[in-house]
Protein chains: 2
Amino acid sequence: MAYKDALPALADPTRRKIFERLRHGAKPVGVIAKGLPVSRPAVSQHLKVLKEAGLVDDRAEGTRRVYYIDPKGLADLRRWLDQFWDEALEAFRAEVEKDHEKK
Amino acid sequence: MAYKDALPALADPTRRKIFERLRHGAKPVGVIAKGLPVSRPAVSQHLKVLKEAGLVDDRAEGTRRVYYIDPKGLADLRRWLDQFWDEALEAFRAEVEKDHEKK
DNA sequence: CCTTACGGTAAGTTATGGCTTACAAAGATG
DNA sequence: CATCTTTGTAAGCCATAACTTACCGTAAGG
């Protein structure tokens, strides 16, 4: 069910940048925001969306909040995609078949 | 590169319904629209977005346009996701490690 | 032909979502 | 304890995206 949240979450370019920045490891909000073309509060809001989608999680570290990728959301997305993949490919083969018949 | 179009395309719930309706085979616009809570022109607009994202393709059949899933867009999305998956999982393991150290 | 069925496009409206600035809370540091 | 750092939240603004109705082109069929 969570892919319904993950897809909109990853649809936004800025949010994708944030997400991709965490690919190699955890980072506090300030570090994530540094270099991005939006304000730090904007980054906080994006992180909230990503968290609600199960794509990231965070942990307190003093006054900082360290964010890292949560595989849960990614796994849900993969599951949905894979389930689709087989059926869609099969249907596509049938389509190509029809196309060739026409000629 | 096309995953950047595929993600926003699949982020919309109505568009996902349309896409999922084509999972098992091709359908003309009218059939797709039937049962959906939006007007037929809206469906046409959604199909255009899906097509530009490489997620569907269409073929003329008399006065009808038959739409079907194009594996191309789906494949791009899978590739992006898989590439992410390995690195993210590794980073997550390091995270859990740190968590346990704290205790 | 004339009409009917089908679907794309244009124009306009409205809701949503991403951004900003301002503010508040909570831990570190002297 | 005062202050500084780091972050989340609130309120408001604005662009965009999803929808509607109206219209047009095109193929089928009497």
Positions within the range A:46-72 being more than 9 Å from DNA strand D (Cβ to nearest atom) and on the phi > 0 side of the Ramachandran plot, in sequence order: A:Gly54
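So, in the range A:1-56, of the ones that are among the polar types (S, T, N, Q) and more than 14 Å from chain B (Cβ to nearest Cβ), which residue ends up farthest from B:Ala94 (Cα to Cα)? Write out each step before concluding.
Of the range A:1-56, the ones among the polar types (S, T, N, Q) are A:14, A:39, A:44-45.
Filter once more, so that each one left must be more than 14 Å from chain B (Cβ to nearest Cβ): A:39, A:44-45.
Details: A:Ser39: 29, A:Ser44: 23, A:Gln45: 26 Å.
Looking at residues that are among the polar types (S, T, N, Q) and more than 14 Å from chain B (Cβ to nearest Cβ), I get A:Ser39.
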Of B:Ala75, B:Ala91, the only residue that is away from DNA strand D (no atom under 16 Å from the Cβ), in a helix (DSSP H, G or I) and touching a strand residue (DSSP E or B) at 6+ places or on another chain (Cβ under 8 Å) is B:Ala91
Inspect all residues belonging to the range A:67-76 and state whether any of them is of a type in the set (Lys, Arg) and free of Cβ contacts under 8 Å to residues at least 40 places away in the same chain. no
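Is it fair to say B:Pro13 is modelled with pLDDT of 95 or more, touching a helix residue (DSSP H, G or I) at 6+ places or on another chain (Cβ under 7 Å) and closer than 23 Å to A:Ala6 by Cα?
Answer is no for this residue.
Taking A:Arg65, is it over 23 Å from B:Trp80 (Cβ atoms), open to solvent by 30 Å² or more (accessible area, probe 1.4 Å) and more than 9 Å from chain B (Cβ to nearest Cβ)?
Details: over 23 Å from B:Trp80 (Cβ atoms): yes; open to solvent by 30 Å² or more (accessible area, probe 1.4 Å): yes; more than 9 Å from chain B (Cβ to nearest Cβ): yes.
In short, yes.
The values are calculated or read from the model by the stated rules, or taken from the named source; none is laboratory data. These numbers were taken from a predicted model, which means no experiment stands behind them. Note that each Cβ is placed from the backbone with ideal geometry, even for glycine, and that neighbours are counted across all protein chains shown. Protein only, heavy atoms only, side chains kept; ligands, DNA and RNA dropped before computing areas. Shrake-Rupley method; radii C 1.70, N 1.55, O 1.52, S 1.80 Å.
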